[in-house]
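See below for the structure under consideration.
The values are calculated or read from the model by the stated rules, or taken from the named source; none is laboratory data. Remember, predicted model here, so these are calculated numbers, not experimental data. Neighbour counts are summed over all protein chains in view; Cβ atoms, including those assigned to glycine, are modelled from backbone coordinates with ideal geometry.
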Amino acid sequence: MDTIKNHYRTCNLCEAMCGLEIKHTKTDVISIKGDKNDDLSKGHICPKAVALQDLYHDKDRLKTPIKRTENGWIDISWKEAFDDVTENIKSIQTKYGKNAIGSYRGNPTVHNIGLMLFGTPFMQSIGSNQKYTATSVDQLPHHFASLMMFGHYLMFPIPDIDRTDFMLIMGGNPAVSNGSIMTAPDFSNRLKAIKKRGGEVVVVDPRFTETSKLASQHHYIKPGTDAFLLLALIHVVFEKKLETKGHLKDHLNGWDTIKSLVKAYPPEKIANIVGIDAKAITELALKFATSKTAVCYGRLGLSTQEFGGLCQWLVNVLNCITGNLDTEGGALFTKPAIDIVGMSKMTRKTGSFNKRQSRVHNLPEFTGEFPVATLADEILTPGEDQIKMMITIAGNPVISTPNGKHLESALESLEYMVAIDIYLNETTKHANIILPTTTGLETSLYDLVFHQFAIRNTAKYSEALFEKTEEQRHDWEILKELTTRLSGQENPLNLEQTLDYMLQFSTYQDPKLSVAELKKHPHGLDYGQLKPQLPERLFTADKKVELAHPLFITDLDRLNTKLLQLENESNSAYPFSLIGRRGLRSNNSWMHNSKRLVKGKERCTLLIHSKDANTLNIKDGQDVTVTSNVGQVKIPIEITDSMMQGVVSIPHGWGHHRKGTSISIAQNHAGVSLNDLTNNIQLDTLTGNADFSGTRVKIED
Ligand SMILES: Nc1nc2c(c(=O)[nH]1)N[C@H]1C(S)=C(S)[C@@H](COP(=O)(O)OP(=O)(O)OC[C@H]3O[C@@H](n4cnc5c(=O)[nH]c(N)nc54)[C@H](O)[C@@H]3O)O[C@H]1N2
Ligand SMILES: Nc1nc2c(c(=O)[nH]1)N[C@H]1C(S)=C(S)[C@@H](COP(=O)(O)OP(=O)(O)OC[C@H]3O[C@@H](n4cnc5c(=O)[nH]c(N)nc54)[C@H](O)[C@@H]3O)O[C@H]1N2
Ligand code: SF4
Ligand SMILES: [Mo]
């Protein structure tokens, strides 16, 4: 009989970085449980981690390169695949120039150390400006606010949830998502602990969410109006003279500007706009400002709206003016073992904005990439620098970016496409060649990014559990091979050697860090709670927090125009506002091929309030047609009073009915794609981020 062993690793599926204890034989998983000795997660896991074994055994997963031919997909050798891809990159660049090659990198990139470390040199070897990632359908406004206020696009203030007395959660549902830009495994228990120690948690969301159920209070808000609420909260803080500069008193620019501009947003003026009464807004502001410590956390629902940039700025301002920026119990900056922010003192890579504009829609560059809103039109619009070839890496933009059908038709028109992915899915089916990679249990992991966003300073390296087969390649091996072929220079370092190189610069050297040292600590290393770091940590030229950057002040004009519009608007053609949601057993668009995760009752439903359902005369479970100005889907409804009236919700990441994919279980649980309704050119024009929270739709039976 095979011997049974225990393996310890970090789950790579979401940002929570849960420690796993996996009982296994040489080729099989026996059980996947939470690792009680993991310093950060202390035994917590969610159902997705258990499905890592399904991913490992999935028969639909690709193991060898495949090529699309007139007679369907055929297996080819790695050599043939690499030859084909490099020849096409070179010939397309010779014919049309460097920028004719577009790339899109998706979310799992950030959960994959190989893609993180070998992605940049690969991008450099292509040398194209046409770079896109999932950032611009996600956290771009956070980066924008950090760059403008703190001088570094990765300097995110992280809620100190284990010590705070008051947490205001806006546009995030961490009880399901397990937290984002806040690595805090077992968020639900940490939230309950706030209440247990006498604190409070308030959720502001158009849906009464799983997080709301655990909170002390919930306020429904009309989608897309959070910037007004934040301005009113700040207004009250100043009006009641509850502001404090605290330890940052000599390190703040723009204080008086903020104080005077918020005068225009008293709660009475914006109450109807946001859908929360003025008294409740005032009380919320008072509680926030008078709690010993407090923190406002705004996440995806705040970023992916028309004023995403303003929202993330105002979240930081609210924390700052109440003395909760860079303080224990407020929002703090991290200092993990591999400190990519700290290392920028050497590399000087602190982020950039608007150094150039996209060709078709004139959208601003951010830190070397363009907003994905323009990608389809960059492929479809003739002219110099038109994208003729796409490279997708760990991304499924047909499902995950607004107006997926438009992108689909754009991908069909390409001269050539290569996908580095594990599945033949809605996006990769458009490729000429798919280069499949190892994933999950077959890979090693060091979370370069999520240690940087964690509520404690930590380090952990996970070794691969199962050895890859002879035919398989790791992501980093594929990128390394392509980079060598394109640049003509071979990188002498492998994955562990590259990581070792970075560990030399670690903040913590007791014990001296190396991959070998980290392997001795399979439950991770904990360097304690976050500590205040300002002003030293700032990257702004004058070492001050920029509270009133002119770009935000100018963008307020756009917000004020919106205010007038909202005061006079009726949306009779599209009377409902559509938002998304996430499910505990779903991970963006790509984990629906696990039976364990998709079984049970239909989850891709349209949530609607009972009064709205009554008005429309529709019954629970009935199929309805939902139409926006870009598309239409048919979906069963689920009546629930957890929705705000006038707002409906479809979960993000479904829509696996498209022909020509090879994800058999997902195809049987297809659902519909939320992004067949959202509009690619509906944007937060300040940052270029997608605005899909609050898409206008009509519903018919
Ligand atoms: N309307 C709406 N749209 C949204 C959202 C929403 O809430 N509403 N959410 C947005 C957010 S937050 C995000 S992050 C994006 C996600 O957008 P994407 O990153 O484009 O989509 P994913 O669904 O994460 O797709 C990941 C792809 O990576 C592949 N993959 C998985 N593991 C690996 C691996 O180890 N190596 C490689 N090479 N490939 C791998 C999968 O097969 C899949 O094709 O979607 C965004 N889009
Ligand atoms: N189980 C699971 N976990 C995941 C993922 C997953 O797909 N499944 N995806 C991962 C990824 S890539 C990310 S980025 C994170 C995201 O993690 P979260 O930021 O927690 O994202 P969501 O769960 O989509 O929550 C967004 C919330 O915003 C609300 N909302 C929508 N519009 C508005 C608005 O205009 N104003 C306000 N105030 N609220 C609004 C929605 O109702 C929803 O409750 O989750 C990660 N974790
Ligand atoms: S919460 Fe996230 S990291 Fe933790 S087990 Fe679930 S998917 Fe993995
Ligand atoms: Mo995301």
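One table, with the values for the structure above:
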quantity	calculated
Within segment 41-83, considering residues that are within 16 Å of ligand 2 (Cβ to nearest atom) and part of a loop (DSSP other than H, G, I, E, B), the one surrounded by the most Cβ atoms within 10 Å (Cβ to Cβ)	S41
Test: T69 is away from ligand 3 (no atom under 16 Å from the Cβ), of a type outside the set (A, V, I, L, M) and closer than 27 Å to I434 by Cβ	yes
From the options T225, T211, residue that is within 26 Å of F307 (Cβ to Cβ), in contact with a strand residue (DSSP E or B) (Cβ under 7 Å, 6 or more places away or on another chain) and modelled with pLDDT of 95 or more	T211
Any hit, segment 18-38, residues being modelled with pLDDT of 95 or more, within 16 Å of ligand 3 (Cβ to nearest atom), assigned to a loop (DSSP other than H, G, I, E, B) and surrounded by fewer than 17 Cβ atoms within 10 Å (Cβ to Cβ)	yes
Of residues in segment 1-57 being hydroxyl-bearing (S, T, Y) and within 24 Å of N112 (Cβ to Cβ), the one farthest from ligand 4 (Cβ to nearest atom)	T27
The listed residue being away from ligand 1 (no atom under 14 Å from the Cβ), out of contact with any Gly (no Cβ under 9 Å at 6 or more places or on another chain) and among the aromatic types (F, W, Y), out of F156, F118, F122	F156
Test: residue in segment 445-452 that is of a type in the set (S, T, Y), over 21 Å from L40 (Cα atoms) and away from ligand 4 (no atom under 16 Å from the Cβ)	no
Residue check, K345 surrounded by fewer than 16 Cβ atoms within 10 Å (Cβ to Cβ), outside any loop (DSSP other than H, G, I, E, B) and modelled with pLDDT of 95 or more	no
Qualifying positions in segment 178-190 - farther than 9 Å from A16 by Cα and within 15 Å of ligand 1 (Cβ to nearest atom)	I181
Any hit, segment 162-175, residues being within 16 Å of ligand 3 (Cβ to nearest atom), surrounded by 23 or more Cβ atoms within 10 Å (Cβ to Cβ) and not in a loop (DSSP other than H, G, I, E, B)	yes
The one condition in (1) assigned to a loop (DSSP other than H, G, I, E, B); (2) surrounded by fewer than 23 Cβ atoms within 10 Å (Cβ to Cβ) that P336 fails to fulfil	(2)
Some residue of segment 67-90 being closer than 30 Å to T367 by Cα, at pLDDT 95 or above and touching a strand residue (DSSP E or B) at 6+ places or on another chain (Cβ under 6 Å)	yes
Residues (within 15 Å of ligand 4 (Cβ to nearest atom), within 22 Å of F187 (Cβ to Cβ) and in a helix (DSSP H, G or I)) located in segment 285-309	L300, G301, L302, S303
Residues (part of a helix (DSSP H, G or I) and out of contact with any Phe, Trp or Tyr (no Cβ under 8 Å at 6 or more places or on another chain)) located in segment 96-109	Y96, K98, N99, A100, N107, T109
Test set (1) among the aliphatic types (A, V, I, L, M); (2) at pLDDT below 95; (3) within 16 Å of ligand 2 (Cβ to nearest atom) - M1 fails condition number	(3)
Test result for E306, at pLDDT 95 or above, charged (D, E, K, R) and surrounded by fewer than 23 Cβ atoms within 10 Å (Cβ to Cβ)	no
Complete set of residues in segment 532-562 that are assigned to a loop (DSSP other than H, G, I, E, B), of a type in the set (K, R) and either on the phi < 0 side of the Ramachandran plot or at pLDDT below 95 (or both)	R537, K544
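Yes/no per residue for (1) under 30 Å from D326 (Cβ atoms); (2) in contact (Cβ under 8 Å) with a residue 60 or more places away in the chain:
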| site | (1), (2) |
| --- | --- |
| L407 | no, yes |
| E412 | no, no |
| K429 | no, yes |
| S444 | no, yes |
| R473 | no, yes |
| D510 | yes, no |
